[in-house]
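Chemist: There's a structure below that I have some questions on.
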Amino acid sequence: MSSLLQLLPFFDAVAKLGSFTQAANHLGVTPPAVSQNIRALEALLGVRLFNRTSRSVRLSDEGQAFYEKNRPRNGPD
């Protein structure tokens, strides 16, 4: 099982880029790996972090709150 710290880069990339594919390219992994890690994070937290459609990925209300709480305080967005 992955730890929260291992899963945060996947969450951050999808939240910032708005796409599992773009996040995968940014992280140097496959889109299914991003999806699997996001599902693991959602299971760990017990909430749905993203609202997914066939064309978009957006933060859910819980995802937005998690992002605000855990985003880096220093450095660029």
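What follows draws every value from the coordinates through simple rules; no lab data is involved. Keep in mind that what you see is a predicted model, and the values were worked out from it rather than measured. Cβ sites come from the backbone with ideal geometry, for glycine too, and all protein chains shown count toward neighbours.
Chemist: Could you please find all residues in the range 37-69 being of a type in the set (Gly, Ala, Ser), surrounded by 14 or more Cβ atoms within 10 Å (Cβ to Cβ) and within 14 Å of residue 16 (Cα to Cα)?
Modeler: Listed by number, the residues that qualify are 60, 63.
Chemist: Consider only pairs whose beta carbons are under 7 Å apart and that are at least six residues apart or on different chains; among these, list those whose first residue lies in the range 1-28 and is of a type in the set (Ser, Thr, Tyr) and whose second residue is surrounded by 14 or more Cβ atoms within 10 Å (Cβ to Cβ).
Modeler: Going by the 7 Å Cβ cut-off, the qualifying pairs are 2/37; 2/40; 19/57; 21/31.
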